[in-house]
Amino acid sequence: MAREYSRTQRVSDQLQRELASLIQLEIKDPRLGMVTVSAVEVTKDLAYAKVFVTFLAINDQQPVDEKLEVLNHAAGFLRSLLAKSIKLRTIPQLSFYYDDSISRGQYLSNLIDKAMASDNQHHSAESDQDNSNQEAE
């Protein structure tokens, strides 16, 4: 019998909330900028956690890699802070990953907008041609 809301999901959600505030309040590295914790995936044994993050106004891969390096370097520090704020027997090992779903979604949305604009332009050109053909008759 599967539970609707598993323990790993509850732990993931709590880690996401806690990490979001800890990164904002405790990490003082100026290279980091604005970080959003978009998701946390915890293994069933709660030993490891993949933390997915996005960065405000970053499109280039090099700054993303640098920011991930800063976060992964601070993972032990963040883990020790989590141990003080969350009551778990063991706090998962943290590893940070870039969540590109937002930028990928924006890219796809831009492609759709361009296709729609091109399609509208094509249809308006056809209707202009149809009107001029009717006037010529």
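May I ask you to list the residues in the range 37-54 that are within 12 Å of the chain's Cα centre (by Cα) and free of Cβ contacts under 8 Å to residues at least 24 places away in the same chain?
Val37
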Qualifying positions in the range 3-39 - within 22 Å of Ala57 (Cα to Cα), open to solvent by less than 60 Å² (accessible area, probe 1.4 Å) and in contact with a Pro (Cβ under 9 Å, 6 or more places away or on another chain): Gly33
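The values are calculated or read from the model by the stated rules, or taken from the named source; none is laboratory data. What you see is a predicted model; the values in this text were computed from it and never measured. Quick reminder, even Gly has a Cβ in these numbers, built from the backbone with ideal geometry, and neighbours come from all protein chains shown. Only protein heavy atoms, including side chains, enter the accessible area calculation; ligands, DNA and RNA are left aside. Shrake-Rupley method; radii C 1.70, N 1.55, O 1.52, S 1.80 Å.
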